[in-house]
1. Leaving ligands and nucleic acids out of the surface, order Lys9, Lys101 by accessible area at 1.4 Å, largest first.
2. Percent of accessible area on segment 4-46 owned by carbon and sulfur, 1.4 Å probe?
3. Quote to one decimal, in nm, the extra length available between Val64 and Thr91 on full extension: 0.36 nm per residue of separation minus the C-alpha distance between them.
4. What does the accessible area per residue of segment 2-85 come to in Å², with a 1.4 Å probe and no ligands, DNA or RNA counted?
5. With +1 assigned to the C-beta of every Lys and Arg and -1 to the C-beta of every Asp and Glu, and no other charges, what is the dipole magnitude of segment 2-85 about the Cα centre in debye, to the nearest 20?
6. Looking at segment 1-91, what % of the alpha carbon pairs are farther apart than 14 Å?
7. Hey, can you grab everything whose amide H is under 5 Å from the amide H of Val45? Only 5+ residues off in sequence or another chain; H modelled, so Pro and N-termini drop out.
8. In whole Hz, what ³J(HN,Hα) sequence does segment 2-10 give by Karplus (6.51, -1.76, 1.60; θ = phi - 60°), x for Gly and Pro?
Amino acid sequence: MLKFLSKVKIEFNALDPRTAACMEFLAQCNARKAKESNPSCQLLVKRRTDSFPPQISVTFVNGVEEVFDATSTPAQTIRKMILEKGQQLETEQMFREAGEKWPVLIPEEELRQSFPVTQIHNIKSMRLSPYWLNHVWRLQRHWKLNKLMED
């Protein structure tokens, strides 16, 4: 999680009963694995003495800052949002390194194109779980029915 961040600032009043998300998030940031993912990430903890609500501010490696209200947002939700944004940043960086424009714009006519379904001849050799075997079987059956209706 920290690999996408350059700075984390956690603000809370220790006597406030709404600090659970701050404490949990702080514990996640202090975990060995998180610290190893980005040792240069600054972790700032500000203990407040006023009635200011607990909040978590994060700065991503691209400089974008986001502030979370820790009274209404659980630590796991904040972590999930950071990971999603981080994956978007990685994708953007990958496209830019490849010399592609970002964001990728798909022409309208390409969005309306139909894509051919490839038939899988030997499903058992794929070693799929029963759920996916059933799913693939249904797709093949649907494809065959549609093909018969076209002819």
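The values are calculated or read from the model by the stated rules, or taken from the named source; none is laboratory data. All of these numbers come straight from a predicted model, not from anything done at the bench. Here Cβ is always computed from backbone atoms with ideal geometry, including for glycine, and neighbour counts include all displayed protein chains. Accessible surface areas use protein heavy atoms only, side chains included; no ligands, DNA or RNA. Shrake-Rupley method; radii C 1.70, N 1.55, O 1.52, S 1.80 Å.
1. Reading off the accessible areas and sorting them downward yields Lys101, Lys9.
2. Ligands and nucleic acids excluded, carbon and sulfur give 57 percent.
3. Contour length minus the Cα-Cα distance gives 8.1 nm.
4. 58 Å²
5. The calculated dipole for segment 2-85 is roughly 320 debye.
6. Tail of P(r) above 14 Å: 62 percent of Cα pairs.
7. Ile10
8. Using θ = phi - 60°, the values come out as 5, 5, 8, 10, 9, 8, 10, 10, 10 Hz.
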